[in-house]
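Asker: Just dropping this structure here.
Nothing in this text is a laboratory measurement; each read-out follows from the coordinates by a stated rule. This structure is a prediction, so every number in the text was calculated from the model and none was measured. Cβ sites come from the backbone with ideal geometry, for glycine too, and all protein chains shown count toward neighbours.
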């Protein structure tokens, strides 16, 4: 991660620190998740994020990745898109289209992007 992004992240942490937080809302593990996401080009699903982070940082659970995604979304560093698909159910009475919820996809975005 380049120096300008690091400075922005530390300024964000200082500005949004609450109560007894030592560093701020973006913890070390959150920054680990952000580092992994920054290496990926294009959108990525949650299960792929969790697999990449646990492969790179052994002590990171799926719930930690989930909390990191929520913190990054709150900071405005992560955009996400909800995906849906349609399936024709011909065996149902009456036959009809069903809308299925697919995995959300996430993409890193910094200020100015």
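Asker: For segment 76-113, give me each residue that is more than 27 Å from the chain's Cα centre (by Cα) and surrounded by 11 or more Cβ atoms within 10 Å (Cβ to Cβ).
Answerer: Passing the criteria: only 89.
Asker: Give just the number: which of (1) part of a loop (DSSP other than H, G, I, E, B); (2) out of contact with any helix residue (DSSP H, G or I) (no Cβ under 8 Å at 6 or more places or on another chain) does residue 87 not satisfy?
Answerer: Only one criterion is unmet by residue 87, namely (1).
Asker: Same structure again: Please work out which residue is nearest to the chain's Cα centre (by Cα), limiting yourself to segment 52-75 and to residues that are surrounded by fewer than 17 Cβ atoms within 10 Å (Cβ to Cβ) and part of a loop (DSSP other than H, G, I, E, B).
Answerer: 61
Asker: Moving to a separate point now. All but one of (1) within 27 Å of residue 82 (Cβ to Cβ); (2) out of contact with any strand residue (DSSP E or B) (no Cβ under 6 Å at 6 or more places or on another chain); (3) in contact (Cβ under 8 Å) with a residue 12 or more places away in the chain; (4) not in a loop (DSSP other than H, G, I, E, B) hold for residue 37; which doesn't?
Answerer: Going through (1) within 27 Å of residue 82 (Cβ to Cβ); (2) out of contact with any strand residue (DSSP E or B) (no Cβ under 6 Å at 6 or more places or on another chain); (3) in contact (Cβ under 8 Å) with a residue 12 or more places away in the chain; (4) not in a loop (DSSP other than H, G, I, E, B) one by one, residue 37 breaks only (2).
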